[in-house]
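Asks: Pasting a structure here, questions to come.
The values are calculated or read from the model by the stated rules, or taken from the named source; none is laboratory data. Bear in mind that the values here come from a model prediction, so they are computed numbers and not experimental data. Neighbour counts are summed over all protein chains in view; Cβ atoms, including those assigned to glycine, are modelled from backbone coordinates with ideal geometry.
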Amino acid sequence: MIEIYHNPRCRKSRAGLQYLRDNDYQFRVIEYLKEPLDSNSFGKLLRKLGKRPTEMIRTNESIFKSNYKGKEFSDDQWIKIMVENPKLIKRPIVVKDDEAIWADPSDLLMSFLD
């Protein structure tokens, strides 16, 4: 089953969701702002992505700029920060089996899902 970690207010996330709909994929939507991830789940998701937490931070968010920009944290600390502030997580993230992709732009889904 394909999963999409989605924020309906985000244009890029809506584009990823629309790609899945337009191409008739069966998928589950996880609105991670409403269904927050815990540190363990987010760590597993990062492993599927093959990314470190710092690679998945939305650095243009005001909370990042005011609280975290220029500061050093361990990967575990970043995971905790991102779980506590899920707006910091880049989106959309699409999971298929044991792999995941940050689907920005949504065209990346074509090669990932086929």
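Asks: Give region 66-111 a look and list any residue that's touching a residue at least 24 places away in the same chain (Cβ under 8 Å), within 12 Å of L46 (Cα to Cα) and among the charged types (D, E, K, R), or say none.
Replies: D76, K90, D98, E99
Asks: Any idea which residue in region 21-41 is nearest to D76 (Cα to Cα), counting only those that are surrounded by fewer than 12 Cβ atoms within 10 Å (Cβ to Cβ) and acidic (D, E)?
Replies: My answer is D38.
Asks: Restricting attention to region 2-37, which residues are among the charged types (D, E, K, R) and within 19 Å of D98 (Cβ to Cβ)?
Replies: Result: E3, R28.
Asks: Do we have K65 as at pLDDT 95 or above, part of a loop (DSSP other than H, G, I, E, B) and farther than 19 Å from E99 by Cβ here?
Replies: Judged against the criteria, K65 is not a match.
Asks: When you check K44 against the structure, is it loosely packed, with under 11 Cβ neighbours inside 10 Å and either free of Cβ contacts under 8 Å to residues at least 60 places away in the same chain or in a helix (DSSP H, G or I) (or both), yes or no?
Replies: When the stated conditions are applied, K44 does not pass them.
Asks: Let me ask another. State all residues of region 84-114 that are touching a Lys or Arg at 6+ places or on another chain (Cβ under 7 Å), surrounded by 20 or more Cβ atoms within 10 Å (Cβ to Cβ) and assigned to a loop (DSSP other than H, G, I, E, B); if no residue qualifies, say none.
Replies: Within region 84-114, K90, R91, P92 meet the criteria.
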